[in-house]
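Each remark here refers to the structure printed beneath this line.
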Amino acid sequence: MPEWWTYGLSDFLMFSPRVYHRLLAATNAALWPAQIGTILLGLAAAVLTAVPRRGRERVLWPVLGLLWMVVAWAFLWERYAVINWGALYAVPAFVLQGVLLIGAGLFGAVRLPTSRDRTTTTGAVLLVAIVLGWPLLAPLSGRPIETAEVFGLFPDPTALATIVLLACGRGGLRWILMIIPVAWALIAAATLFTLGSWIWTVVIVAGGAAVALALTRPTTPSPRRS
């Protein structure tokens, strides 16, 4: 029996790139045209981030939380777990993330600044790049557009977009809410690396940029408007 240190990441992969890409295509076909709606929600989130509006957190975080639950059910549980039993462990984490985001919105735990600043403007631009750019990674990597991963339906762009949005917020709780998205980003990067896809570098760069953005934001919550 080989020693444990002789194993590499590829030894733990339970599916081939071809199987994974066929799964992505089947998921898109089953959920169409939900992709249009989730992309529009992502763009709306970018607008809410860049343009200060009272009470926007009560809409932004709960909707984002619901999308995490959609990903947990529609992709991880219903489809990804068929080829990767490890996805079963991710499902409760995604559901928990959804519940925490909904709670953050209802109780005002993570607030966005009441005036536009460099962090929120940069975050909005990065969010638009993820929402619109992530589906384009499929054809850029030589895959058909049917295998594109869309924000709100697939875990990678949803996790990265969440990190960006939390980076724009204020309050120490946002760091707790980042734990699951950052953990998934690392898992996604490792999976893509093992599959031989260069997109793992994009995951690291986008996630790193979002975390760096969060480090420029004070942890003290901004004052409420009177």
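Within the range 104-128, the set of residues being assigned to a helix (DSSP H, G or I) and buried (at least 16 other Cβ atoms within 10 Å of the Cβ) comprises Ala104, Gly105, Thr119, Thr120, Thr122, Gly123, Ala124, Leu126, Leu127, Val128. Scanning the range 84-119 for residues that are touching a Leu at 6+ places or on another chain (Cβ under 7 Å) and without any contact (Cβ under 8 Å) to a residue 24 or more places away in the chain yields Ala87, Val91. For the range 158-180, taking the residues that are under 18 Å from Leu215 (Cβ atoms), surrounded by 24 or more Cβ atoms within 10 Å (Cβ to Cβ) and not hydrophobic (A, V, I, L, M, F, W, C), the one that is farthest from the chain's Cα centre (by Cα) is identified as Gly169. Would you mention how many residues in the range 73-83 are buried (at least 18 other Cβ atoms within 10 Å of the Cβ) and free of Cβ contacts under 8 Å to residues at least 12 places away in the same chain? Counting residues in the range 73-83 that are buried (at least 18 other Cβ atoms within 10 Å of the Cβ) and free of Cβ contacts under 8 Å to residues at least 12 places away in the same chain gives 0. Among the residues of the range 152-207, those identified as more than 17 Å from Met69 (Cα to Cα) and of a type in the set (D, E, K, R) are Arg170, Arg174. Can you find a residue in the range 198-221 that is modelled with pLDDT of 95 or more, aromatic (Phe, Trp, Tyr) and over 22 Å from Pro92 (Cβ atoms)? Scanning the range 198-221, I find at least one residue that is modelled with pLDDT of 95 or more, aromatic (Phe, Trp, Tyr) and over 22 Å from Pro92 (Cβ atoms), so the answer is yes.
Somewhere in the range 143-159, is a residue modelled with pLDDT of 95 or more, in contact with a Phe, Trp or Tyr (Cβ under 8 Å, 6 or more places away or on another chain), within 17 Å of Val182 (Cβ to Cβ) and of a type in the set (D, E, K, R)? Yes, the range 143-159 has at least one match. Quick one: is Gly133 in contact (Cβ under 8 Å) with a residue 24 or more places away in the chain, of a type in the set (Gly, Ala, Ser) and in a helix (DSSP H, G or I)? No; evaluated as a whole, the condition is false for this residue. When the residues of the range 38-72 are filtered to those that are free of Cβ contacts under 8 Å to residues at least 12 places away in the same chain and either under 17 Å from Phe151 (Cα atoms) or small (Gly, Ala, Ser) (or both), which remaining residue is surrounded by the fewest Cβ atoms within 10 Å (Cβ to Cβ)? That would be Gly55.
The values are calculated or read from the model by the stated rules, or taken from the named source; none is laboratory data. Note that this is a predicted model, so its numbers are computed, not measured. When we count neighbours, we look across all protein chains shown, and the Cβ atoms used for this are built from the backbone with ideal geometry, even at glycine.
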